[in-house]
Structure formats: C-alpha cells, structure tokens
Amino acid sequence: MQRVIHKEGAAVNRLTQLGLTVDDIHAALSAGQGEARAWSEAAPRVMPGMARWGRINEHFRIRTGRKDWTYENPGGLPLTIDPSGELAIVATTGDSQTGCLTGAPPTTKYAKGATYQKVVEDNEQLPLFFVEAEVGPKLHDAAEAPRATWILLYHVTVRGIAAELSLPGEITPQGYVSRWTERILVPFYTFEDVSIGDDERDEDGQGFDVAVERR
C-alpha cells in the first residue's frame, strides 16, 4: 500500500474524515501537559511523563465520547474507538521525528509489547479487505475485517508538543513501530509559556503493555 503523508489543510481535512479535529488532539495534549506539571521534582523521575501519557489518553476519550466514541483496554492498551467500531486510536510517545515531514519516519520512543504487536499485525491485513470490488465482499463474508488501529504519536519539546496521527504498518522485532502506511501531521501545539516544557522525563506507560519474547 502506498504511504501517504497529510500536512496543513490536507491534514485537517483527513482528520475531519475520521471524525476528529485539531482541537480534539490539542485539548488532549494540553490536558496531558497540565497533568505532567502537577508533579514536582521530588516525584519519581518517570511520573510526569507517565501522568502526561495517562491524561492524554483519558482526555481524548472524554472529549471524543461527546461524539459517541467508546473505549476498550485490551491487554492494558487504552484504545479509543470510533462509533463505527472500525477505527481505534491510542496515544504514545514518539521520537524526535514525530510530526516532521522530512527525514526518516518517526518511531515509537519505547519498545512495545505483545498487544501493540497484535494491532500492528492486524493493520498489516487491512489491504486484503480493501481490494477490488469482486474480491472484497468475499473476504468480508469469510471473516470480519480487522479494526484499523492508529497511533497518536507525540513528542514533547521546550516550545511545545509535536504530534501526528498515523497508521502503523510495521513493528520491528525489537518492538518499535517504525513504518507507517498513512501519517497525518497535526499542527504543532505551542506552549503559552515556553518555560513549562520538559522533554527529559517522558515515559508513556509502556509498562502496562506486556512484552513478548521472540524466539
């Protein structure tokens, strides 16, 4: 499948097609940053980042819930699911290439475990269910099409948060999502006070995803 990158107006339009707005994402990022700031330097080093991760996913669920989205937690993975049930989203930290149009594609900042591997493998099957008209219905009759699981990648800097909503297409044996079928580059979320950024203590709750041992 051809890889597609949406930016600026095209990104906004693509989000609209998915039932989302830039404000939906920025509101979640803002809520997460506020939660991270609530922790002092006396807290364990990972807590601000973990709190940000948890709050982003929670606030995104609350906001989209007003549009009849729902959520599930398979294997501890906090999925937010659109009303059709055909699309799910989970937020997690990305590397410094998150939101960048040029250079190497981004990767997840941390290795993921069995649950992430399962949803990425399901995504890899999606092209089989969106082929020419004569074949598609037969496949749908044989088995239910897998749900498309997107990742809301975010990367915290001293100026703000870069983000993108992207459809993972491949996960490495080490557990990093490194290839994307489609990327929607979300406009940069700028902090009102640039002094509040903290990109050093940035965990994302990956401990809740059970790691898988490859033989």
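Overview of results
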quantity	calculated
Tally, over segment 66-101, of residues that are farther than 20 Å from Ala163 by Cα and polar (S, T, N, Q)	3
Members of segment 62-75 that are open to solvent by 90 Å² or more (accessible area, probe 1.4 Å) and either assigned to a loop (DSSP other than H, G, I, E, B) or on the phi > 0 side of the Ramachandran plot (or both)	Arg66, Asp68
Filter result for Ala28 (open to solvent by less than 10 Å² (accessible area, probe 1.4 Å), more than 13 Å from Val186 (Cα to Cα) and of a type in the set (Gly, Ala, Ser))	no
In segment 1-20, the residues that are buried (at least 16 other Cβ atoms within 10 Å of the Cβ) and small (Gly, Ala, Ser)	Ala11
Close pairs from segment 104-125: first on the phi < 0 side of the Ramachandran plot, partner in a helix (DSSP H, G or I), Cβ under 7 Å, at least 6 apart	Tyr110/Gln206; Lys112/Gln206; Ala114/Gly75; Thr115/Pro74; Thr115/Gly75; Thr115/Gly76
Scan of segment 76-104 for residues that are outside any loop (DSSP other than H, G, I, E, B) and over 17 Å from Trp150 (Cβ atoms), ordered by number	Gly76
Hits in segment 142-179 - residues which are out of contact with any Phe, Trp or Tyr (no Cβ under 9 Å at 6 or more places or on another chain), more than 22 Å from Phe60 (Cα to Cα) and assigned to a strand (DSSP E or B)	Ser178, Arg179
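The values are calculated or read from the model by the stated rules, or taken from the named source; none is laboratory data. As the structure is a prediction and not an experimental result, all values here were calculated from the model. Here the Cβ is made from the backbone with ideal geometry for all residues, glycine too, and neighbour counts use every protein chain on show. For the accessible areas, the whole protein counts, side chains as well, though only heavy atoms, and no ligand, DNA or RNA atoms are used. Shrake-Rupley method; radii C 1.70, N 1.55, O 1.52, S 1.80 Å.
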